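This report concerns only the one structure given below.
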Amino acid sequence: MFKSGLGGKITLKLDDAEQGVLSQLFEQMAELLNDSEIETSSDPLAKMLNMSGSTQISDDPALARLFPDGYSDDEHASADFRRFTEQDLRAQKITALATVRTTLDSWTGKSTVSSQQAQDWLKALNDLRLVLGTRLEISDEVETDFDLDEPGIHLYNYLTYLQGTLIDSLT
């Protein structure tokens, strides 16, 4: 869990099991974000200006949650929004994820986290919770009875707790 110390110093303490589970989850998240089947434009100018992204929302509900429609009521505006923003947003998510994975790869049990690393952890934890919540069909819109003993629910609650300790340590 994350804790704040003197001078705003943030530490993260995990046991080996937590580190192992988080490493696996973030590795799977990296695989999801690095999907090689992303449609891109062949227009050289669009590539140079980093505007060659896909115009279609993903068929994968988790990716659709991470990269939602900008304009749900206007298909053309939504396609343009996606084309101009999704690649940069994806790159930001991958960068945050790389920071987290580097932290976990060099893990020794307890570590100090810089303010930039803490921001990257927040982004990556939030994205991971969005993906897991989508896979578990957790929604604010529909009341669902969940089996509270389901491992996925425990994992989701753990990630929520971990994210909460990070937010508390930043405030």
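The values are calculated or read from the model by the stated rules, or taken from the named source; none is laboratory data. Because the structure is predicted, anything quoted here is derived from the model rather than measured. All Cβ positions, even for glycine, are placed from backbone atoms using ideal geometry, and neighbour counts span all protein chains on display.
Table for the structure above
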item	result
Single residue of Thr95, Thr99 found to be surrounded by 17 or more Cβ atoms within 10 Å (Cβ to Cβ) and without any contact (Cβ under 8 Å) to a residue 40 or more places away in the chain	Thr99
Filter result (at pLDDT below 90 and small (Gly, Ala, Ser)) within region 80-106	Ser106
Filter result for Asp59 (closer than 24 Å to Gln28 by Cβ and surrounded by fewer than 12 Cβ atoms within 10 Å (Cβ to Cβ))	yes
Total residues in region 5-36, condition touching a residue at least 12 places away in the same chain (Cβ under 8 Å), outside any helix (DSSP H, G or I) and exposed (fewer than 13 other Cβ atoms within 10 Å of the Cβ)	4
Out of Asp127, Asp73, Asp80, sole residue that is over 21 Å from Gly20 (Cα atoms), assigned to a helix (DSSP H, G or I) and of a type in the set (Asp, Glu)	Asp80
